[in-house]
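Asker: Attaching a single structure in structure tokens format; questions to follow.
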Amino acid sequence: MSFQFSPRSIELQQRLKAFMDEHVYPNEHRFEEEVESNRRAGNAWIPTRIVEELKPLARKAGLWNLFLPRSARVPEGLSNLDYAPLCEIMGRVSWGAEVFNCSAPDTGNMETFERYASEALKRQWLDPLLRGEIRSAFAMTEPAVASSDATNIQSLITRDGDHYVINGRKWWTSGAGDPRCKVFIFMGKTDPEAPRHQQQSMIIVPSDTPGINILRPLTVYGYDDAPHGHCEVLFENVRVPVDNILLGEGRGFEIAQGRLGPGRIHHCMRQIGVAERALELMCKRLMSRVAFGKRVSDQSVWHERIAEARCMIDQARLMTFQAAHMMDTAGNKVARREIAMIKVIAPNVAGKVLDWAIQAHGAGGVSGDFPLAALWAHSRTLRFADGPDEVHRAAIAKLELARHTDVPESAARVEVPITRGS
């Protein structure tokens, strides 16, 4: 299969690489210094000045909202295949995608608004998100249940006249720690007695609604992901208008399936960029160090690792392109097997290459002097986020078995797994 990028995508790739070289890579240390300065001052959640300074430059350069295909609101949006190499380039720096208004969870939330929200909700929330004026959060995962099975969700959305009343405890709510977060997309049960996949609904909740209490930010291997953040959030008797429901009661599972496909592949695209950055840093480090009388890069064990890393990255990239192509040509539902496969492959590849890169850097690799440790921590979380490896492997197996039996492939239901940071 040959993957042909449009002339516009090819031109944008060159423009994006130049922007990253001029504005993003030189400011990686400044970003970290700003976050640490804010942390010492008592508030790590203040948005960094460097990112806010770069956003207008990115928009002026035509590198804005490239992730959203087939939207009249975003004519600059690319197909999934055309966006894939651009997303990879952005992913080489942990905060890079935000500069271009292409970061999670806003991308997944904006796709949700675009596909499933009323025009009034789009004007209220989608338009300012597309302009980069506000940020958003996605509240699905719960601490009290195995959220890899979304039907386990216990939060309640109860009709009361012209309002819904929301009660529940969520965690790993991506974006909730950001002071610019103005809206949640919340998933809960409107009818616990309905058929299993018709119990859940999704509803829009303004972040300033009374009854929302952010309990704490959560850490991953000691990283709190400030100023973005993933939080545990308590919703107690939160009242929102009935018009805030998406599609109607019982449609939450359907919406989650539609939302998670693009979110998953965007994570995978960025993970390819992470793996490429790790391999680049590894090679440069190995060539700059001497041990036992010769450069470390001359040691045969590193030849094996470098070669294996290159093979793994290129395989993962081609799998990502295939999934993106199928999403564009056949739709997200038909591409669910390819999406599941790359969701397993990409974070594992990135994690392995990062592990080798950390090893190549010695003690420096686990320090904050290099980006490797933080990138590894994030990559490891992606083996849970938007569905754990085990659930995706089970879905792949069901689809494969269906090909060799009389059971139609459509009968092999792909469950919605845990979601975080889409």
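Asker: Can you tell which of 15, 40, 70 is basic (Lys, Arg), modelled with pLDDT of 95 or more and farther than 22 Å from residue 370 by Cβ?
Answerer: On the way: 40 fails: farther than 22 Å from residue 370 by Cβ; 70 fails: modelled with pLDDT of 95 or more.
Among 15, 40, 70, only 15 is basic (Lys, Arg), modelled with pLDDT of 95 or more and farther than 22 Å from residue 370 by Cβ.
Asker: Return the pairs, sorted by first residue and then second, in which the second residue is of a type in the set (D, E, K, R) and not in a loop (DSSP other than H, G, I, E, B), the first residue lies in region 193-211 and is under 19 Å from residue 135 (Cα atoms) and touching a residue at least 24 places away in the same chain (Cβ under 8 Å), the beta carbons are less than 6 Å apart, and the residues are 6+ apart or on different chains.
Answerer: As it stands, the answer is 207/182, since those pairs meet every condition given.
Asker: So, one more: Does region 386-403 include one or more residues that are among the charged types (D, E, K, R), modelled with pLDDT under 95 and either assigned by TED's automatic domain parsing to the domain that holds residue 175 or crowded, with 21+ Cβ neighbours inside 10 Å (or both)?
Answerer: Scanning region 386-403 turns up at least one residue that is among the charged types (D, E, K, R), modelled with pLDDT under 95 and either assigned by TED's automatic domain parsing to the domain that holds residue 175 or crowded, with 21+ Cβ neighbours inside 10 Å (or both).
Asker: Here's a check for you: in region 19-59, which residue that is in a loop (DSSP other than H, G, I, E, B) and without any contact (Cβ under 8 Å) to a residue 40 or more places away in the chain is nearest to the chain's Cα centre (by Cα)?
Answerer: Of the residues in region 19-59, the ones in a loop (DSSP other than H, G, I, E, B) are 41-48.
Restricting the remaining residues to those that are without any contact (Cβ under 8 Å) to a residue 40 or more places away in the chain gives 41-43.
On the way: 41: 29, 42: 28, 43: 24 Å.
Out of the qualifying residues, it is 43.
Asker: Let me ask something else about it. Condition test on residue 98, is it more than 25 Å from residue 247 (Cα to Cα) and either modelled with pLDDT under 95 or assigned to a loop (DSSP other than H, G, I, E, B) (or both)?
Answerer: Values: more than 25 Å from residue 247 (Cα to Cα): yes; either modelled with pLDDT under 95 or assigned to a loop (DSSP other than H, G, I, E, B) (or both): no.
Taking the combined requirement at face value, the residue does not satisfy it.
Asker: Can you find, within region 2-19, the residue that is nearest to residue 83 (Cα to Cα) among those that are aliphatic (A, V, I, L, M) and buried (at least 18 other Cβ atoms within 10 Å of the Cβ)? Walk me through how you get there before you give the answer.
Answerer: Taking region 2-19 as the starting set, the residues that turn out to be aliphatic (A, V, I, L, M) are 10, 12, 16, 18.
If we keep only those that are buried (at least 18 other Cβ atoms within 10 Å of the Cβ) as well, we get 12, 16.
Details: 12: 9, 16: 12 Å.
So, considering only residues that are aliphatic (A, V, I, L, M) and buried (at least 18 other Cβ atoms within 10 Å of the Cβ), the one nearest to residue 83 (Cα to Cα) is 12.
Asker: Let me ask something else. Any chance you could count how many residues in region 376-402 are within 19 Å of the chain's Cα centre (by Cα), assigned to a helix (DSSP H, G or I) and not hydroxyl-bearing (Ser, Thr, Tyr)?
Answerer: To start, the set of residues in region 376-402 that are within 19 Å of the chain's Cα centre (by Cα) comprises 376-392.
Imposing the further condition that a residue be assigned to a helix (DSSP H, G or I) reduces the set to 376-381, 389-392.
Next, from what is left, pick out any that are not hydroxyl-bearing (Ser, Thr, Tyr): 376-378, 380, 389-392.
Of the residues in region 376-402, 8 are within 19 Å of the chain's Cα centre (by Cα), assigned to a helix (DSSP H, G or I) and not hydroxyl-bearing (Ser, Thr, Tyr).
Asker: When region 224-241 is examined, which residues are found to be over 16 Å from residue 170 (Cα atoms), surrounded by 19 or more Cβ atoms within 10 Å (Cβ to Cβ) and of a type outside the set (A, V, I, L, M, F, W, C)?
Answerer: 224, 225, 227, 228
Asker: Given (1) over 22 Å from residue 9 (Cα atoms); (2) out of contact with any Pro (no Cβ under 8 Å at 6 or more places or on another chain), identify the lone condition not met by residue 85.
Answerer: (1)
Asker: Here is a follow-up. Among the strands (runs of 3 or more DSSP E) contained in region 106-192, which hold 2 or more residues that are among the charged types (D, E, K, R) and crowded, with 17+ Cβ neighbours inside 10 Å? Don't jump to the end; show me each part of the working.
Answerer: Working: elements: 135-139, 156-160, 163-174, 181-189.
Output list reads 163-174, 181-189.
So that you can scan it fast, the table gives a plain yes or no per residue for (1) touching a His at 6+ places or on another chain (Cβ under 6 Å); (2) modelled with pLDDT of 95 or more; (3) within 27 Å of residue 114 (Cα to Cα):
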| site | (1), (2), (3) |
| --- | --- |
| 256 | no, no, yes |
| 264 | no, no, yes |
| 285 | yes, yes, no |
| 305 | no, yes, no |
| 308 | no, yes, no |
| 316 | no, yes, no |
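Asker: Do we find that residue 269 is buried (at least 20 other Cβ atoms within 10 Å of the Cβ) and assigned by TED's automatic domain parsing to the domain that holds residue 339 in this structure?
Answerer: Working: buried (at least 20 other Cβ atoms within 10 Å of the Cβ): yes; assigned by TED's automatic domain parsing to the domain that holds residue 339: yes.
For residue 269, the condition - buried (at least 20 other Cβ atoms within 10 Å of the Cβ) and assigned by TED's automatic domain parsing to the domain that holds residue 339 - is met.
Asker: Just to be sure I understand the filter: pairs with C-beta atoms under 6 Å, separated by 6 or more residues or on different chains, first member in region 289-302 and assigned by TED's automatic domain parsing to the domain that holds residue 364, second member not hydrophobic (A, V, I, L, M, F, W, C). Which pairs pass?
Answerer: 296/289
Asker: Here's another thing I want to ask about it. Residue under question is residue 226, and the condition is that it be over 20 Å from residue 163 (Cβ atoms), among the hydrophobic types (A, V, I, L, M, F, W, C), part of a loop (DSSP other than H, G, I, E, B) and at pLDDT 95 or above; does it hold? Can you show your working first?
Answerer: Numbers: over 20 Å from residue 163 (Cβ atoms): yes; among the hydrophobic types (A, V, I, L, M, F, W, C): yes; part of a loop (DSSP other than H, G, I, E, B): yes; at pLDDT 95 or above: no.
So residue 226 fails the test.
Asker: Does residue 79 meet the test of being surrounded by fewer than 22 Cβ atoms within 10 Å (Cβ to Cβ), small (Gly, Ala, Ser), within 22 Å of residue 17 (Cβ to Cβ) and touching a residue at least 24 places away in the same chain (Cβ under 8 Å)? Let's see the steps before the verdict.
Answerer: Details: surrounded by fewer than 22 Cβ atoms within 10 Å (Cβ to Cβ): yes; small (Gly, Ala, Ser): yes; within 22 Å of residue 17 (Cβ to Cβ): yes; touching a residue at least 24 places away in the same chain (Cβ under 8 Å): yes.
Considered against the rule, which asks whether it is surrounded by fewer than 22 Cβ atoms within 10 Å (Cβ to Cβ), small (Gly, Ala, Ser), within 22 Å of residue 17 (Cβ to Cβ) and touching a residue at least 24 places away in the same chain (Cβ under 8 Å), residue 79 comes out as yes.
Asker: Hey, can you tell me all the residues within region 158-177 that are without any contact (Cβ under 8 Å) to a residue 60 or more places away in the chain and closer than 20 Å to residue 260 by Cβ?
Answerer: Within region 158-177, just 176 meets the criteria.
Asker: Also: From the residues in region 207-223 that are under 18 Å from residue 185 (Cβ atoms) and among the hydrophobic types (A, V, I, L, M, F, W, C), which one is surrounded by the most Cβ atoms within 10 Å (Cβ to Cβ)?
Answerer: So, considering only residues that are under 18 Å from residue 185 (Cβ atoms) and among the hydrophobic types (A, V, I, L, M, F, W, C), the one surrounded by the most Cβ atoms within 10 Å (Cβ to Cβ) is 212.
Asker: Within region 363-375, can one find any residue that is loosely packed, with under 14 Cβ neighbours inside 10 Å, in contact with a helix residue (DSSP H, G or I) (Cβ under 7 Å, 6 or more places away or on another chain) and assigned to a helix (DSSP H, G or I)?
Answerer: The answer is no, given that none of the residues of region 363-375 is loosely packed, with under 14 Cβ neighbours inside 10 Å, in contact with a helix residue (DSSP H, G or I) (Cβ under 7 Å, 6 or more places away or on another chain) and assigned to a helix (DSSP H, G or I).
Asker: Regarding region 293-306, can at least one residue be identified that is farther than 16 Å from residue 345 by Cβ, hydroxyl-bearing (Ser, Thr, Tyr) and assigned to a helix (DSSP H, G or I)?
Answerer: Residues of region 293-306 that are farther than 16 Å from residue 345 by Cβ, as a first pass: 293-306.
Among the residues that remain, those that are also hydroxyl-bearing (Ser, Thr, Tyr) are: 297, 300.
Narrowing further to those that are assigned to a helix (DSSP H, G or I): 297, 300.
Checked against the condition, which is being farther than 16 Å from residue 345 by Cβ, hydroxyl-bearing (Ser, Thr, Tyr) and assigned to a helix (DSSP H, G or I), region 293-306 yields at least one hit.
The values are calculated or read from the model by the stated rules, or taken from the named source; none is laboratory data. The structure displayed is predicted, hence computed values, not measured ones. Methodologically, a virtual Cβ is constructed for each residue, glycine included, from the backbone with ideal geometry; neighbour enumeration extends over all protein chains shown.
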